[in-house]
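Worksheet: one structure, shown below.
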Amino acid sequence: MDDMQEKDSIFEQMVTRGHERLCFHHDKETGLRAIIAIHSTVLGNALGGTRRWCYASEADAVYDVLRLSKGMTYKAAVSGLPMGGAKSVILKPSRDHQKTEAEAKAMGRFVDSFNGAYIAAEDVGVDTQFVDWMATETKHVMGGETVSTGGDPSPWTAMGTFHGMKACLIHAGLGDSFDGKVVAMQGVGSVGQNLCRLLTEAGATVKVADIKQENIDFVVEEYGCTQVSNEEILTTECDILAPCALGGVIDGMLVQQLMCPIVCGAANNILGDPEEDGAALKQAGILYGPDFVVNAGGLIHLAGLHLGMSEETLQQKNDEIFDTTVEILERGESTASTYAAAVEVAKNRIERGQETELHAS
């Protein structure tokens with residue numbers, strides 16, 4: 001939570017971040033409480049995952065969905081996709097509250113009420129089964145395996161992050177090989193596990209931490225990773241620090257404690273205050289691969305399928321994450337930070353979309 005969240009009204013938060021819509025929903029039968037935030041539909045209908053989480057407060061849920069949806073707009077724009085940005089969150093009443101088919105269907109009906117302006121997908125706490133349950137109530141959802149299409153996007157997110165990491169290594173003057181490099185990864189869920197596979201196959205040593213011991217045990221046994229405590233993972237010595245869990249893990253205070261030349265991970269909203277923290281990283285001589293640039297692989301995959309792209313085109317667009325990251329890292333040399341450079345690229349593409357729309361009308 002930041003100061004703005006504490007003092008600003010919901011409308012002020014929407015206006016500050018440039019949102020179009022913020023909708024709350026309660027389903028009496030299942031008790032579902034959910035929020036959908038549409039940040040922008042300038043470039044097209046807005047696609048974004050559904051996060052199922054136990055928030056400390058409703059204010060935290062609003063803050064999360066607003067930040068995540070804005071990030072999706074930038075992610076789609078910087079990836080060159082004709083899609084807007086949105087996100088949804090389901091507020092779990094308790095940490096151990098189990099997902100049900102009835103809850104998923106209720107969420108599907110909520111998504112359907114947007115008539116396609118919002119296209120849902122999976123995020124933290126939601127799996128392909130949940131997506132398929134949602135898909136029985138709406139056609140505006142991606143990422144299922146039986147009713148919906150697209151499947152688990154995490155391998156594609158991991159692949160894109162891998163490309164972004166390689167671009168960071170080259171820009172930092174550390175070569176184009178992962179052989180002998182040390183990556184410290186916070187969070188080894190679906191994306192993290194796929195990323196561990198890619199990194200270890202490329203010769204990297206991967207240190208890992210996660211709140212779930214079973215996730216740690218899997219990557220240690222399967223890929224030879226080394227466990228580090230959750231308290232130490234962010235400040236452990238490494239070549240690349242890769243936050244791959246929840247966001248807001250790096251702030252100005254922590255920047256001074258980092259022992260790495262590169263921060264590049266798959267989590268959304270890695271920086272607590274992107275403008276200030278991005279600049280602090282640059283000042284500290286630490287290269288930052290902007291999260292919404294490098295972790296766009298999952299979005300590219302699902303959005304591309306929605307738009308009718310071929311598998312060959314989808315792979316090509318994922319590979320382009322390397323080139324996009326290279327461009328933004330170079331731009332970052334003459335801007336406040338690489339984050340600012342990435343936002344500039346995204347905003348330019350959105351503005352061009354607005355101009356095209358204006359001329360067409």
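The values are calculated or read from the model by the stated rules, or taken from the named source; none is laboratory data. Computed from a predicted structure; not experimentally measured. Every residue, glycine among them, receives a Cβ derived from its backbone with ideal geometry; neighbour counts consider all protein chains shown.
Is there a residue being outside any strand (DSSP E or B) and over 27 Å from Ala279 (Cα atoms) anywhere in region 229-238?
Restricting attention to region 229-238, the residues satisfying the condition of being outside any strand (DSSP E or B) are 229-238.
Now restrict to residues that are over 27 Å from Ala279 (Cα atoms): 229.
Taking every residue of region 229-238 in turn, at least one turns out to be outside any strand (DSSP E or B) and over 27 Å from Ala279 (Cα atoms).
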Restricted to region 188-208 and to residues being farther than 15 Å from Thr226 by Cα and small (Gly, Ala, Ser), the residue surrounded by the most Cβ atoms within 10 Å (Cβ to Cβ) is Ser190
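Here is a yes/no grid of residues against (1) in contact (Cβ under 8 Å) with a residue 12 or more places away in the chain; (2) in a loop (DSSP other than H, G, I, E, B); (3) in contact with a strand residue (DSSP E or B) (Cβ under 7 Å, 6 or more places away or on another chain):
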site	(1), (2), (3)
Ala242	yes, no, yes
Leu246	yes, yes, no
Leu254	yes, no, no
Gly265	yes, yes, yes
Asn269	yes, yes, no
Glu275	yes, no, no
Is it the case that Asp123 is of a type in the set (D, E, K, R), out of contact with any strand residue (DSSP E or B) (no Cβ under 9 Å at 6 or more places or on another chain) and under 30 Å from Leu281 (Cα atoms)? no
Residue check: is Val219 in contact with a Lys or Arg (Cβ under 9 Å, 6 or more places away or on another chain), more than 28 Å from Ala342 (Cα to Cα) and outside any loop (DSSP other than H, G, I, E, B)? yes
Residue among Leu329, Leu314, Leu305 that is buried (at least 16 other Cβ atoms within 10 Å of the Cβ) and within 27 Å of Leu234 (Cβ to Cβ): Leu329
Using the structure shown, decide if Val183 is crowded, with 20+ Cβ neighbours inside 10 Å and either in a loop (DSSP other than H, G, I, E, B) or outside the structural domain of Leu258 (by TED's automatic domain parsing) (or both). no
Give Ile216, Ile211 a once-over and let me know the one that is surrounded by fewer than 16 Cβ atoms within 10 Å (Cβ to Cβ), out of contact with any helix residue (DSSP H, G or I) (no Cβ under 6 Å at 6 or more places or on another chain) and among the β-branched types (Val, Ile, Thr). Ile211
Expected output for region 72-96 (first residue basic (Lys, Arg), partner assigned to a loop (DSSP other than H, G, I, E, B) and at pLDDT 95 or above, Cβ below 6 Å, 6+ apart or cross-chain) is Lys75/Ala296; Lys92/Cys54; Arg95/Cys54
Considering only region 303-313, how many residues are more than 18 Å from the chain's Cα centre (by Cα) and touching a residue at least 60 places away in the same chain (Cβ under 8 Å)? 3
Test Gly80 against the stated conditions and say whether it is surrounded by fewer than 24 Cβ atoms within 10 Å (Cβ to Cβ), closer than 25 Å to Thr161 by Cα and in contact with an Asp or Glu (Cβ under 9 Å, 6 or more places away or on another chain). yes
